[in-house]
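The values are calculated or read from the model by the stated rules, or taken from the named source; none is laboratory data. Since this is a predicted model, take the numbers as computed values, not measurements. Quick reminder, even Gly has a Cβ in these numbers, built from the backbone with ideal geometry, and neighbours come from all protein chains shown.
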There are 2 protein chains.
Amino acid sequence: MNLKELAESLNLSPTTVSRALNGYPEVREETRSRVMAAAKAVNYAPNARARRLATGRAMTIGHVIPLTGRAEMVNPIFADFLIGAGEVYAREGYDLLLSMVPETETEAAFRQLAANGSVDGVMVQAPQENDPRIGLLTELGLPFLVHGRTGDAMDYSWLDIANMRAFRRATDFLLDLGHRRIALLNGQESFDFAHRRRRGFEAAMAARHVPTLPHLMVSEAMTESFGYLSASSMLDGPEPPTAFLASSVIIAIGIRRAAAERGLRMGRDISIICHDDELSYLNNDIGGPAFTATRSSIRAAGGRCAEILIDLIRHPGRPAVQELWDVGLMVGQSTGPCNG
Amino acid sequence: MNLKELAESLNLSPTTVSRALNGYPEVREETRSRVMAAAKAVNYAPNARARRLATGRAMTIGHVIPLTGRAEMVNPIFADFLIGAGEVYAREGYDLLLSMVPETETEAAFRQLAANGSVDGVMVQAPQENDPRIGLLTELGLPFLVHGRTGDAMDYSWLDIANMRAFRRATDFLLDLGHRRIALLNGQESFDFAHRRRRGFEAAMAARHVPTLPHLMVSEAMTESFGYLSASSMLDGPEPPTAFLASSVIIAIGIRRAAAERGLRMGRDISIICHDDELSYLNNDIGGPAFTATRSSIRAAGGRCAEILIDLIRHPGRPAVQELWDVGLMVGQSTGPCNG
DNA sequence: ACAGCAACCCAAAGCGCTTTGAAAATCTTC
DNA sequence: GAAGATTTTCAAAGCGCTTTGGGTTGCTGT
């Protein structure tokens with residue numbers, strides 16, 4: 001059943017039916033309800049393909065996920081972000097186009113999306129320092145929103161958490177507990193967020209004149225085994241840390257395993273703080289948080305990012321939107337005074 | 001730049017240009033390359049919206065993810081599956097439409113997709129026993145592929161792993177090692193896969209006349225804390241298990257934590273086998289598998305599912321395709337003879 | 001030199017919707 | 001009750017592509 005047939009069955013023109021269905025004011029209330037009823041009766045839904053062509057809007061937002069062949073460990077994070085964004089898209093009538101491309105082809109992918117008009121805007125995740133995507137998208141004139149930001153910051157829309165401040169606060173917390181040999185297990189520092197977190201850590205240490213130890217600072221894709229292996233070798237080596245700062249709960253789980261193997265009790269013999277993205281399947285709450293953590297829901301971020309992006313699409317020419325979220329520190333059972 | 005303009009600039013008709021670009025034989029090789037060159041020069045890409053309308057094909061495949069508000073812990077699994085499928089879609093020129101809807105609205109979502117023609121087919125994941133989606137999609141005439149299957153099996157296309165056989169084999173392995181009190185930490189049994197796994201476990205036990213103990217069989221969303229809490233209470237309770245069989249690596253990590261806390265060494269004091277979906281961020285290989293595991297890549301499954309679904313879309317009316325993957329058991333360091 | 005046949009190219013008709021510009025119907029106002 | 005204003009409806013022109021059903025052109029063979 002298409003619009004024309006529906007119109008014929010109602011003895012109305014397609015124009016009127018279209019307007020009735022889309023809520024235009026030029027149609028009498030009585031007619032509108034008659035049309036609505038008929039549409040529902042025959043289960044009519046306007047053909048999305050035709051509608052998109054006619055309106056020139058794709059009603060679709062693109063997420064381009066670069067595949068590095070190895071480090072898509074980010075994917076539990078992507079997944080939660082996607083869910084948060086997807087809920088908002090659905091609510092606002094937008095579709096979500098997910099595109100997985102080899103990292104080397106992301107530029108081509110964006111150009112393609114822009115040229116063939118299959119999306120109205122795109123979401124950019126996990127920016128690297130000096131991420132080329134930002135310049136590209138600006139040039140292409142495709143609305144976009146960055147989750148995170150790049151070094152210089154600037155004239156584009158983004159939403160980010162205060163990574164530096166969060167890690168500075170977390171480090172201060174450990175320092176206040178008397179810890180001095182603090183290890184940082186960070187994400188890959190090519191990502192801007194990891195870079196900021198390290199700077200937060202270093203700033204806190206420097207402010208107290210505590211030296212940072214190079215062998216206690218590592219950064220890599222955030223996996224459980226990274227946490228386990230790094231913590232193991234640090235704990236077995238000279239000058240073992242008395243506290244760990246980790247960029248994700250997954251890393252912290254690995255650290256915990258290494259500590260447990262060595263008979264170290266969390267919160268007594270060893271302290272751990274991590275950043276918790278509140279991933280839905282990695283609940284850090286069992287009657288109070290297990291790990292002391294800086295905490296910020298990645299899913300909520302996804303939702304808010306979607307809202308902003310849709311707004312950007314609906315109101316082109318509006319100035320860039322920038323939103324910085326502060327992050328709370330939740331004290332759990334994994335931290336305690338230093339006794340090393 | 002659109003087709004018409006491009007044609008004018010070449011002094012050709014839109015027809016010819018379209019054919020040249022799409023590889024039809026009615027155009028001279030020389031003309032074709034002239035067109036191709038011009039298209040590349042001006043960075044022309046056919047408008048996807050117009051093309052979809054003209055061809056009647058959406059060149060898009062839908063994944064509908066039901067949100068239960070709580071148990072989207074499945075999402076690390078969804079994510080890897082999506083990546084596998086997405087790679088194939090990209091290769092074959094299909095877009096991936098991801099739709100997150102509250103569980104109660106999945107039926108409406110499918111009807112909508114079918115009626116407005118925004119997808120050519122859909123992927124169904126994590127079927128429940130007697131999953132209503134299968135009947136619905138059949139009725140709607142929308143091509144679909146199920147990853148997993150439902151109780152009765154039957155006249156639709158699916159790809160699944162041999163869950164029952166895998167868990168039977170894993171259980172046999174533990175029984176051969178002398179274990180008798182074996183605990184099963186399963187996923188939610190409303191999902192078909194979990195149901196089959198339990199039957200595999202029970203069949204193996206029954207074949208050796210070893211009783212299954214109700215208090216050692218639990219099933220819930222597959223999280224680390226589920227593994228930890230269940231294992232903790234089992235180990236502290238009467239008749240503690242000497243071995244665990246877990247439906248996912250994440251659960252196994254939780255079990256390991258509970259064991260470590262109690263000073264039990266994996267592979268000596270306690271044995272653990274799990275099913276490993278080879279999630280990219282949960283590597284179970286650090287010079288040989290850490291956990292003994294039945295192993296099957298969910299990402300590879302995603303890729304193969306995508307291939308089959310595309311095939312189904314391209315050749316309607318073809319009989320249903322059914323593919324059952326056998327699963328290997330990889331012996332790691334987490335199992336050993338029973339000495340309980 | 002002419003039919004017969006490829007090879008090559010084109011005009012025009014959709015695909016199913018939205019939207020413009022105008023007509024028809026209804027309501028005001030004096 | 002007629003002119004003007006307003007509401008309601010419609011015909012037709014796109015949106016940018018694909019595809020059908022011819023035409024042209026140039027090449028065979030006789």
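Details
- Across segment B:206-249, the number of residues qualifying as away from every other protein chain (no Cβ under 14 Å), of a type in the set (D, E, K, R) and not in a helix (DSSP H, G or I) comes to 2.
- Filtering segment A:85-96 to residues that are surrounded by 21 or more Cβ atoms within 10 Å (Cβ to Cβ) and facing chain B (nearest Cβ under 9 Å) leaves A:85, A:86, A:89, A:95, A:96.
- Candidate set from segment B:27-50 (those that are at the interface with chain A (Cβ under 8 Å from one of its Cβ atoms) and buried (at least 16 other Cβ atoms within 10 Å of the Cβ)); member that is nearest to residue B:95 (Cα to Cα): B:48
- Segment B:311-331 residues that are closer than 26 Å to residue B:91 by Cβ, paired with ones that are acidic (Asp, Glu) and surrounded by 11 or more Cβ atoms within 10 Å (Cβ to Cβ) (beta carbon under 6 Å, 6 or more apart): B:313/B:120; B:324/B:160
- Of B:50, B:85, all but one fail to be among the small types (Gly, Ala, Ser) and either farther than 30 Å from residue B:301 by Cα or out of contact with any Leu (no Cβ under 9 Å at 6 or more places or on another chain) (or both); the exception is B:50.
- Picking from residues in segment B:250-295 that are within 9 Å of chain A (Cβ to nearest Cβ) and hydroxyl-bearing (Ser, Thr, Tyr), the one that is farthest from the chain's Cα centre (by Cα) is B:281.
- A single entry from B:130, B:163 fulfils the requirement of being polar (S, T, N, Q), closer than 19 Å to residue B:328 by Cβ and away from chain A (no Cβ under 14 Å): B:163.
- 2 or more residues near DNA strand D (Cβ under 10 Å from one of its atoms), at pLDDT below 90 and of a type in the set (Val, Ile, Thr): qualifying helices (runs of 4 or more DSSP H) within segment B:1-72: none
- Put simply, of A:272, A:255, A:250, A:313 the only residue that is in contact with a Gly (Cβ under 6 Å, 6 or more places away or on another chain) and either closer than 19 Å to residue A:201 by Cβ or not hydrophobic (A, V, I, L, M, F, W, C) (or both) is A:255.
- Applying a threshold of 8 Å to beta carbon distances and a minimum spacing of six or more residues, or different chains, the list of pairs starting in segment B:97-108 at a residue that is within 11 Å of chain A (Cβ to nearest Cβ) and ending at one that is surrounded by fewer than 19 Cβ atoms within 10 Å (Cβ to Cβ) and among the charged types (D, E, K, R) reads B:100/A:87.
- Index of the failed condition, residue B:91 passing every other in (1) on the phi > 0 side of the Ramachandran plot; (2) more than 16 Å from DNA strand C (Cβ to nearest atom): (1)
- Of the residues in segment A:246-263, not one is modelled with pLDDT of 95 or more and among the basic types (Lys, Arg).
- Residue in segment B:3-23 that is loosely packed, with under 14 Cβ neighbours inside 10 Å, within 30 Å of residue B:307 (Cβ to Cβ) and either within 9 Å of another protein chain (Cβ to nearest Cβ) or not basic (Lys, Arg) (or both) present: yes
- Test for residue A:13: is it touching a Phe, Trp or Tyr at 6+ places or on another chain (Cβ under 9 Å), more than 30 Å from residue A:220 (Cβ to Cβ) and within 14 Å of DNA strand C (Cβ to nearest atom): no
- Per-region count, segment B:194-235, residues closer than 13 Å to residue B:165 by Cα and of a type outside the set (A, V, I, L, M): 8
- Yes/no for residue B:222 being modelled with pLDDT under 95, touching a helix residue (DSSP H, G or I) at 6+ places or on another chain (Cβ under 8 Å), crowded, with 18+ Cβ neighbours inside 10 Å and under 21 Å from residue B:327 (Cα atoms): yes
- Criterion: under 15 Å from residue B:334 (Cα atoms) and out of contact with any Ser or Thr (no Cβ under 8 Å at 6 or more places or on another chain) - qualifying residue of B:252, B:260, B:243: B:260
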